[in-house]
1. Quick one: TYR22 ticks every box in (1) in contact (Cβ under 8 Å) with a residue 40 or more places away in the chain; (2) open to solvent by 70 Å² or more (accessible area, probe 1.4 Å) except a single one, so which number is it?
2. Within the stretch 642-662, is even one residue in contact (Cβ under 8 Å) with a residue 40 or more places away in the chain, out of contact with any Asp or Glu (no Cβ under 7 Å at 6 or more places or on another chain) and either open to solvent by 40 Å² or more (accessible area, probe 1.4 Å) or in a loop (DSSP other than H, G, I, E, B) (or both)?
3. What's the number of the only condition in (1) in contact with a strand residue (DSSP E or B) (Cβ under 6 Å, 6 or more places away or on another chain); (2) charged (D, E, K, R); (3) surrounded by fewer than 18 Cβ atoms within 10 Å (Cβ to Cβ) that ASP665 fails to meet?
4. Could you check the stretch 231-346 for strands (runs of 3 or more DSSP E) lying wholly inside it with 1 or more residues that are closer than 25 Å to LEU717 by Cβ?
5. Which numbered condition in (1) open to solvent by 70 Å² or more (accessible area, probe 1.4 Å); (2) at pLDDT 50 or above; (3) among the β-branched types (Val, Ile, Thr) is the only one that ILE399 fails?
6. Could you give me the residue pairs with C-beta distances under 7 Å whose first residue belongs to the stretch 469-488 and is open to solvent by 10 Å² or more (accessible area, probe 1.4 Å), whose second residue is assigned to a loop (DSSP other than H, G, I, E, B) and among the β-branched types (Val, Ile, Thr) wherever it lies, and which are 6+ apart or on separate chains?
7. When you check ALA100 against the structure, is it open to solvent by less than 80 Å² (accessible area, probe 1.4 Å), free of Cβ contacts under 8 Å to residues at least 24 places away in the same chain and out of contact with any helix residue (DSSP H, G or I) (no Cβ under 6 Å at 6 or more places or on another chain), yes or no?
8. Just one of GLY317, GLY348 is over 24 Å from PHE32 (Cα atoms), surrounded by fewer than 22 Cβ atoms within 10 Å (Cβ to Cβ) and touching a residue at least 24 places away in the same chain (Cβ under 8 Å); which is it?
Amino acid sequence: MTQVYEDFDPTFAAVCSDVTLYSNNKGFFKGFVEQIVSLAEEDGWLSKFEKIVEKDKVAAVLENETIMEALNEVFLRIQPMYRSKDARISHEKRILAQTALKEGDLTKSLALSSQAVLRAPMTGSDEVFDNGVSLALALWLRSEILLRSNKPAAALEDLKLALKERLPARMRADYYWRMGHCYKGTGEPTRAKVSYELAGRLLGNNEQAKLQLSKDIDALDYADKPKQGPNRSDLSVTGGAKQNLPALSKLLKIVEEEEKGRFAVADSEINTGDVLLVDNPYAACLLSDFYGTHCLHCFRRLDCEEIAAVWCPTCSGVAFCSVKCRDKAVSTYHSYECQFLNLFIGSGMSVLSHIALRMVTQTGLETSQQIHAKYLGDVKTVESSVLNDIEGIAKKNKIKSRKERLNRTKKGLKGFGEKNSTNEEIEMKIEDKTSYYEKLEMTAAQIYSLCSHSSQRKGTDYLKRIIMGLFLTQCLKKTDFFRACPMENLQKAENIICELIVRNLQLLQFNAHEIYETVRGQHQFNGSKPIYIAVGIYPTGALFNHECYPAVARYFDQKKIVLRATRPLKPGEVVSENYGPHFLMRNLKERQRMLACRYWFRCECIACKENWPTLKQLNADSPLYLRCPNANCTGKFRWNKNHPNRCSKCSAAINKDVIKKYIEDIERSLSQYREGAKFMDDELPEEAIKTLTDAVDNFYKVARPPHWETHIAQESLRSCFATAGNVYVVKNKQEQE
């Protein structure tokens, strides 16, 4: 079978495929893989390997003694490599933080105290320094710095954690006194008074301190109210969610065609600005460059007012925004990955390779084996009601999934009288019985039905992915991942995990999304830019096909991906996303090459078919295209003095009165574009969205792209939508001081 990239640039395609596995300029993995590939080419083995069916490929590599001897020579040297705890370093950082605090440098002291917290060993594990309470003392110091930095909520959390970590009893009076300050800062005067009174009882005969404490109590303002954190209202899709695809709006449906696969199309009228998708990732990994600035689990920034970094019990290389996030990570994936983080970074393996591993570590051995049996085994079973919703494919008898049984149980229980319980309470009880692993297993049906292009892979490419799979499996063997597996089944279990990782590596190449946050300065829009912090795979989000002129803009709310319409759509029209090359930024030749070599398809969107000009080639004087007066026709014509009298597609009449009305409507849209731009200058994103969405909708009623001003408006909408997602404000020096 001929691969599409062979028509463009096979060498570039190979490079694009390689970087989804490992870095070309960092780490040892690239050189290691190339050595193994050279061995595989001897005696023509690699050519034979390419013809082996997919399910036997991993076994074929394992049976090649020459390759396995070279691999095992490296694998035997795999050892945990991570930044461990160190009481001495924690103590030193704490002393430096105290010095910086005395000098009035709150930013520096806060950074150093956080390092002291993260490097501190668990309480009681190293009593040479600080009598085994380095962690409590580091938290105590950081709470003071946070309080002075006007972050009382974060300081309060540190105080509570310090007490749990055996803060010395001699400090209890100061502890409750500071807690009183924190409650005062969070607008809770009653709790502040209680804390102050507890401190007073522990002060003993220190009359001077008691006098100051009395002044603090008298200074409380009982009119204060608790300060509310940032209001992040839960997003919901426009028009309600589909029953079996709750991440997707009812305005859309998923269809399947032989050439295009599965993709989203409009099922009803879609207006500009409609929220079409709010999807959680099946798996997502933070980029290693952001381990110190973002929560490893939820990707939240660690320097906001309400939180301060929480430690991992084993390593010092990552941080969490809360105990809740930390415990979720440690109880699932992080316990298996933690001790190898530095090895992963040093190897140069890609973030996609890390997600391929995460898809296994987050599910555990037992669930991973079940997923393998259902979706990769000899007898595959489709257990998802989601797949029953796809149009354009022959319906098959499908085994009912846990989700379907759950829905039936809900409906059955709703039939009972409501004297003893509400529907919501019943649903909560049922949902509680559906475990974390069961939910992952249900979602896996969607993930493992995504395209992987296995049959189109060259032998070299496939071998490289197996080498990565074997490497990551060896790392898991050094942890407790296989501890529950009987010895007689161990080899089979290892092979299953390797095969699962290899499949993950293939489907991630074409279905992963980069997760970004918007970094901005003092102005909400001027100079703002997206910074990629993580990568995730979204079970429903991955179903949107690419077009170089996309119908949606995406942004991220922590881990969630949100898609909003940037133009109106009629029922049956493709609801397209954009994977990178946009017609505004790249010409046709560049786009086709990038898409063919990176994603292995030839784009046939309207921007490619008509070879639209880039943004640099467009301007306000570029040709204006008006739409056919026939509402059911997709025809368009160029507006000029010699405009046609009839549509070239449907022969509908085009008269001067229609054109005059069209031009008036376009002028109205242009006026609204300018008004929307003014709202953005004034940092009023909601007003800008309302104005610009209305203007784009009106433009499409009478005209068609390409159109310079409309594309600028749509890109402005993209920026406005992103203000509701992950945003980081870079403070200037004056504000930091």
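The values are calculated or read from the model by the stated rules, or taken from the named source; none is laboratory data. Bear in mind the structure is a predicted one, so any value in this text is a computation, not a measurement. FYI the Cβ positions are ideal-geometry reconstructions off the backbone, even for glycines, and counts take in every protein chain you see. To get the accessible areas, we keep the full protein, side chains included, count just its heavy atoms, and leave off ligands, DNA and RNA. Shrake-Rupley method; radii C 1.70, N 1.55, O 1.52, S 1.80 Å.
1. (2)
2. Initial filter on the stretch 642-662 (in contact (Cβ under 8 Å) with a residue 40 or more places away in the chain): 661-662.
Narrowing further to those that are out of contact with any Asp or Glu (no Cβ under 7 Å at 6 or more places or on another chain): 661-662.
Right, trim to either open to solvent by 40 Å² or more (accessible area, probe 1.4 Å) or in a loop (DSSP other than H, G, I, E, B) (or both) and you get 661.
Yes, because at least one residue in the stretch 642-662 is in contact (Cβ under 8 Å) with a residue 40 or more places away in the chain, out of contact with any Asp or Glu (no Cβ under 7 Å at 6 or more places or on another chain) and either open to solvent by 40 Å² or more (accessible area, probe 1.4 Å) or in a loop (DSSP other than H, G, I, E, B) (or both).
3. Single failed check for ASP665: (1).
4. 252-257, 261-266, 275-279
5. So the condition that ILE399 fails would be (2).
6. Short answer, once both residue conditions are applied: GLN474/ILE78; LYS478/ILE78.
7. Details: open to solvent by less than 80 Å² (accessible area, probe 1.4 Å): yes; free of Cβ contacts under 8 Å to residues at least 24 places away in the same chain: yes; out of contact with any helix residue (DSSP H, G or I) (no Cβ under 6 Å at 6 or more places or on another chain): no.
No: the conditions fail for ALA100.
8. Values: GLY348 fails: over 24 Å from PHE32 (Cα atoms).
Within the list GLY317, GLY348, the selection yields GLY317.
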